[in-house]
1. What is the Cα centroid distance between the stretch 493-509 and the stretch 184-201, reported in whole angstrom?
2. What ³J(HN,Hα) values, in whole Hz, does the Karplus curve 6.51 cos²θ - 1.76 cosθ + 1.60 give for the stretch 168-174 when θ = phi - 60°, with x put for Gly and Pro?
3. Put one equal scatterer on each alpha carbon of the stretch 184-264, apply the Debye formula with no solvent term, and list log10 I(q)/I(0) at q = 0.24 1/Å to two decimals.
4. Taking amide H positions as placed in the peptide plane 1.01 Å from N, state which residues far from L538 in sequence (5 or more) or on other chains have amide H under 5 Å from it.
5. In whole Hz, what ³J(HN,Hα) sequence does the stretch 724-737 give by Karplus (6.51, -1.76, 1.60; θ = phi - 60°), x for Gly and Pro?
6. How many nm separate the modelled label positions at N180 and V250, each set 7 Å beyond the Cα in the direction of the Cβ?
7. Please order H534, H610, H255 by the number of other Cβ within 10 Å, starting at the fewest.
8. Hey, can you grab everything whose amide H is under 5 Å from the amide H of T190? Only 5+ residues off in sequence or another chain; H modelled, so Pro and N-termini drop out.
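Please treat every number below as a calculation from the coordinates, not as lab data. Values in this document were obtained by computation on a predicted structure and should not be read as measured data. Cβ sites come from the backbone with ideal geometry, for glycine too, and all protein chains shown count toward neighbours.
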Amino acid sequence: MFFHAAPLSILILILLLLLSLAAAQPTTNPHNFSSFSISQSPWRPTQNLILLSPNSLFAAGFHPLPNNSNLFIFSVWYFNISTDNVVWSANRLHPVNRSAALVITATGQLRLNDPSGRNLWPSNNVSANSNSTQLILRDDGDLIYGTWESFQFPTNTFLPNHTFNGTTIVSNNRKYSFVNSANLTFGTETYWTSGNPFQNFQIDGQIIINNQIPVIPSDFNSTRLRKLVVDDDGNLKIFSFNPNWLRWDVVWQAHVELCHILDTCGPNSVCMSSGSYNSTYCVCAPGFSPDPRGGARQGCHRKLNVSSKAKFLQLDFVNFRGGVKQISLQTPNISVCQADCLKNSSCVGYTFSFDGSAQCVLQLDILSNGLWSPGMKAAAFVKVDNSETDRSNFTGMMYKLQTTCPVRITIRPPPVNKDNTTRNILIISTIFVAELITGAVFFWAFLKRFVKYRDMARTLGLESLPAGGPKRFNYAELKTATNDFSTCIGRGGFGEVFKGELPDKRVVAVKCLKNVAGGDRDFWAEVTIIARMHHLNLLRLWGFCAEKGQRILVYEHIPNGSLDKFLFVKHSPSDSEKDERETEEQSSPLDWSIRYRIAIGVARAIAYLHEECLEWVLHRDIKPENILLDNDFCPKLSDFGLSKLRKNEDTTVSMSRIRGTPGYVAPELVKLGSNSITTKADVYSFGMVLLEIISGTRNFEIKRSTVESADWYFPGWAFEKAFVEEKMKEILDGRIREEYESGGHVSIVNRMVQTAMWCVQNQPEKRPSMGKVVKMLEGKLEIPPPEKPSIYFLSE
């Protein structure tokens, strides 16, 4: 009996131990709730609960430390983002263990109690009506309890929709602060200021500053998640979450030169830029060696103690910003400054300004916050022992000139008692003739080169080259960048487009123009016009090449390509409707929200060309192939500025021939005898493109209709279906037709159809301007019932 009972008791003990361990471990998937009230109090870390915002974008709860799963901080974080997701913390300086609890007392006070009963909540007097008040998390990440909200007590992060109100935030390592929403400080020293305080962090990414230009990040107006953070490196940054790479990208930062941030390097060291983005390194001043525990970034120690005999090593372009351990003096010259440092036993070096101010700053005890910059108008002088063998590596041009070896030149005296008159005359004549010939040759070479470059400058119009224009590339650079023009990514009316990569790793689209009307002056005029165009929805021009008869434009590269690749389905040859439906279902169509955003963006770009830029431009070839889409499907209009410029005072621009793509050309340009064009031609082309965005088919593809093919007109067919037969769904893209009503897109689709009908009216004067088209699409302008568009030769 003893031998059977003993194993049974051991099994029972093991089972009880496993059950207790399972009870102590949290479940893998946390439970979430929308509010925390007194009925759910207390809330402990072992319950594995999270408070979720209504849009499921933010979560709040006990967040374990990355390096210790038994310690917790009550935090708010971006939900379903696994990296660097915490945006607010209640007790980041005092992590709690599993015995802590968040409670709502009987009097309505909200407390975060550690095991000793101490309240760690940011404000000790957070109280409200205990029966009705709840702790909730808003869609913008603001944690609310009664009148208390976490946005009033930020840690190191501001979120979009956050009003700053002069609030101060502190980095997680407690070294740096963004004080009064305006100044970056280290201790009591300010090393960056915005001028006026930040006012509001908007959803589109920009930060509004009173009476100043707002802060605009590189991902402005995108739909990414963002946060403004005082990072542990001392820089103020806007982070944007990249859903493709699942990481936070820096889209704006306060300091570009990171060495200007205080305490980047340790004492007695100098901060250096490595030449790459967001990268620095530290080197010890001469006479010092790096800290064995962490190198020069942690600090440097003196190699030899300074005796009564000392000397100074010069560090050109270096400045030490020592803060309280500095003495600023106004000295007549550098010698007096050096003498003052020798007399002071605490002085370890000094800096002297060479900008005419003769400012002398004595460094006491340590050399702190060393900075090297080639634009520095000062030099540092480090005191070392006279026996120190180190030499300064921070040398300027003056030191190089002073170390040049002198050369002594002597002339041998002439021989005595000889008549050298004839020989001297011969030598002088020979030298004179040689100098004359040499001068003539050099003058001829100079004149030939001067004439060559003068003619080139006149030809290309470089005599009036504007400052800040696009970069000028030579043909060899572009040939290397495009791998001898091997990767063709597009062809158009003006030439072929090749993909390339510049030496700085930027990917570009290189357009080789052909059949360009006019001479070199006309080409240069077009380049200057394009370079002045700056709009979110216009393709950016980075440079050009005009060499060896080549006319090349260098644009930014848009990886997604043109709109037609996403809009139109390439059907396999089949007559059955079943095959057509299968082809549509296999494609990955753009949803209505993206199509609406594309239409708005293109309309704004054309309105900018017509009405807002300094020199108004007609596009003349608006079609899906000339609308490019970036990674966020933001449209970029291309091929603008490659036609004649319309002057501000002109209402029409004469044309020698019709330009454009069949199907998108306005009717008035096809009429015999038409010799002028207005902005209404671009409005017509945009209307056709808008109908194609709605229908997902080319305007010249005949849909199911009883109309003869010779009389087929796409806008007229669409008008009949939408406004006469009231069968709006029949003109919509079949791939997303069912989302028309289920997705709540009825109003925007109806506005798009009505706007398109007004844009394709046969008579130009009936079409609205592009400025009105934008307002019609945005819903800011009431759209009257449109008239039926018709083909000009049928209507007349």
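1. The distance from the Cα centre of the stretch 493-509 to that of the stretch 184-201 comes to 41 Å.
2. Going residue by residue, I get 10, 10, 10, 5, 5, 7, 6 Hz, with x marking Gly and Pro.
3. So the normalised log intensities work out to -1.21.
4. L637
5. 9, 7, 6, 10, 4, 5, 6, 8, 7, 4, x, 6, 10, 4
6. 2.7
7. With the sparsest Cβ surroundings first, the list reads H534, H255, H610.
8. Under 5 Å from the amide H of T190 lies no amide H from a residue far enough along the sequence or on another chain.
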